[in-house]
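Novice: Before we start, here is the structure in question, set down as structure tokens.
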Amino acid sequence: MDIRPRRNRKSAAIRSMVEETQVKTSDFIFPLFLLEEPRSKVEVDSMPGIYRLGLEAMLQEIEDCMKLGIKSFDVFPVVNDQYKDKLATRSYDTNFFYHQALKKIKQEFPEAAIMTDVALDPYSSDGHDGIVQDGKILNDETLEVLGKQALSQAECGIDIIGPSDMMDGRVGYIREVLDDAGFTDVSIMSYTAKYASAFYGPFRDALDSAPKSGDKKTYQMNPANQREALIEADLDVDEGADFLMVKPALAYLDVIKLLKDNYAQPIAAYNVSGEYAMLKAAAEKGWLDYDAVMSETLLSIKRAGADIILTYHAKEFAKL
Ligand code: PBG
């Protein structure tokens, strides 16, 4: 008797019946970049098809996406240099344009899940995720700012707080600050295994948030390490994280699988800016079929074990 695996591939009907993985629009969180000027709309050079949006344009974008079945959004602020300082004080100023916009977004779309990033880099004159002193990134001093930042976002009605800074102990610290203030319902999606990756370049262009000196290797993880992700995940689970995230996604599919196999928490993967840019650039040159490689990429991230995908492809995929 011959075992013939091709029998299960012989028609579209049978192939779809035995298909193991599906990507749905409800799996996505769509990252958005907010500009201060309400009516502006500026494309990100290194991310064709992705725009920095003023509040009015962003409300329209969210409405369009909701109609396509995308219900979750991660909103990042583009902060002008004049607002940046060493201690990232605007990061917890509820009068800042970002916080005011977050409130408005939640008022207009109470049914959407809105996520925000917690880290100092967009608001820091040093462009680092923590406080810099004599070239060092201070851990425990940074926690205090992160706590204030998370609290200020919760006060705007944010559903999910995403600590992306990789300071030690931040998930537990933020959980305590939120709980003490009565925000026990606000979720934490921890950037659990966030690697010191070169794939964040286009994002830093979009936000103008690149480090002014040095790199992020003393806090973000070494791309060579897999087992270390288990240490980070153990801590995040103990400290009360509701979701565990791996970032980037494509070059770290093994880490996604590792966390999926070892934890019951939902696993998120951040299909980052550089991963988006690669496909766009190759497609612009006519070297790859964009829709096909986009679908295959998202499928691979889900197949590796991601329950949730943060991706700039969200809207284009939903339109397909
Ligand atoms: C901020 C932050 C970064 C990204 C998400 N949050 C940049 C960084 O850590 O340098 C990257 C997202 C992307 O590349 O799409 N800490």
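The values are calculated or read from the model by the stated rules, or taken from the named source; none is laboratory data. Treat the numbers as computed from the prediction; the structure is a model and nothing was measured. Methodologically, a virtual Cβ is constructed for each residue, glycine included, from the backbone with ideal geometry; neighbour enumeration extends over all protein chains shown. Heads up: the accessible areas ignore ligands, DNA and RNA and are worked out on the full protein's heavy atoms, side chains in. Shrake-Rupley method; radii C 1.70, N 1.55, O 1.52, S 1.80 Å.
Novice: For the structure I just gave you, tell me whether Gly54 is among the small types (Gly, Ala, Ser), on the phi > 0 side of the Ramachandran plot and open to solvent by less than 30 Å² (accessible area, probe 1.4 Å).
Specialist: Working: among the small types (Gly, Ala, Ser): yes; on the phi > 0 side of the Ramachandran plot: no; open to solvent by less than 30 Å² (accessible area, probe 1.4 Å): yes.
So Gly54 fails the test.
Novice: Could you list, in sequence order, all residues of the stretch 185-200 that are away from the ligand (no atom under 14 Å from the Cβ) and part of a strand (DSSP E or B)? Please lay out each step first, then the result.
Specialist: Filtering the stretch 185-200 down to residues away from the ligand (no atom under 14 Å from the Cβ) leaves 185-188.
Ser187, Ile188, listed by residue number.
Novice: Something else about it: Across the stretch 295-320, what is the number of residues that are open to solvent by less than 10 Å² (accessible area, probe 1.4 Å) and touching a residue at least 60 places away in the same chain (Cβ under 8 Å)?
Specialist: Adding up the residues that qualify gives 7.
Novice: Name the one entry in Gly182, Gly214 that is more than 9 Å from the ligand (Cβ to nearest atom), open to solvent by 10 Å² or more (accessible area, probe 1.4 Å), free of Cβ contacts under 8 Å to residues at least 24 places away in the same chain and of a type in the set (Gly, Ala, Ser). If you could, list the steps in order and put the result at the bottom.
Specialist: On the way: Gly214 fails: free of Cβ contacts under 8 Å to residues at least 24 places away in the same chain.
Just a single option satisfies the conditions, and that option is Gly182.
Novice: Of (1) closer than 18 Å to Asn139 by Cα; (2) within 19 Å of the chain's Cα centre (by Cα); (3) crowded, with 18+ Cβ neighbours inside 10 Å, Ala233 satisfies all except one. Which?
Specialist: Ala233 satisfies every listed condition except (1).
Novice: Of the conditions (1) open to solvent by 60 Å² or more (accessible area, probe 1.4 Å); (2) within 14 Å of the ligand (Cβ to nearest atom), Asn271 fails just one. Which one is it?
Specialist: Going through the list (1) open to solvent by 60 Å² or more (accessible area, probe 1.4 Å); (2) within 14 Å of the ligand (Cβ to nearest atom), Asn271 breaks only (1).
Novice: Can you give me the number of residues within the stretch 127-147 that are within 13 Å of the ligand (Cβ to nearest atom), out of contact with any Gly (no Cβ under 8 Å at 6 or more places or on another chain) and either farther than 15 Å from Thr89 by Cβ or open to solvent by 30 Å² or more (accessible area, probe 1.4 Å) (or both)?
Specialist: So the count comes out to 2.
Novice: Identify all residues within the stretch 1-21 that are hydrophobic (A, V, I, L, M, F, W, C) and in contact (Cβ under 8 Å) with a residue 60 or more places away in the chain; write none if there are none.
Specialist: Start the filter on the stretch 1-21 by keeping residues that are hydrophobic (A, V, I, L, M, F, W, C), which leaves 1, 3, 12-14, 17-18.
None; the set is empty.
Novice: Considering only the stretch 85-98, state which residues are touching a helix residue (DSSP H, G or I) at 6+ places or on another chain (Cβ under 6 Å) and away from the ligand (no atom under 14 Å from the Cβ). Reasoning before the result, please.
Specialist: Narrowing the stretch 85-98 to residues touching a helix residue (DSSP H, G or I) at 6+ places or on another chain (Cβ under 6 Å): 88, 90-92, 94, 96.
Of everything in the stretch 85-98, those that are touching a helix residue (DSSP H, G or I) at 6+ places or on another chain (Cβ under 6 Å) and away from the ligand (no atom under 14 Å from the Cβ) turn out to be Arg90, Tyr92, Thr94, Phe96.
Novice: Being of a type outside the set (A, V, I, L, M, F, W, C) and over 30 Å from Ser125 (Cβ atoms) narrows it down to one residue among Ser46, Ser72; which is it?
Specialist: Numbers: Ser46 fails: over 30 Å from Ser125 (Cβ atoms).
Just a single option satisfies the conditions, and that option is Ser72.
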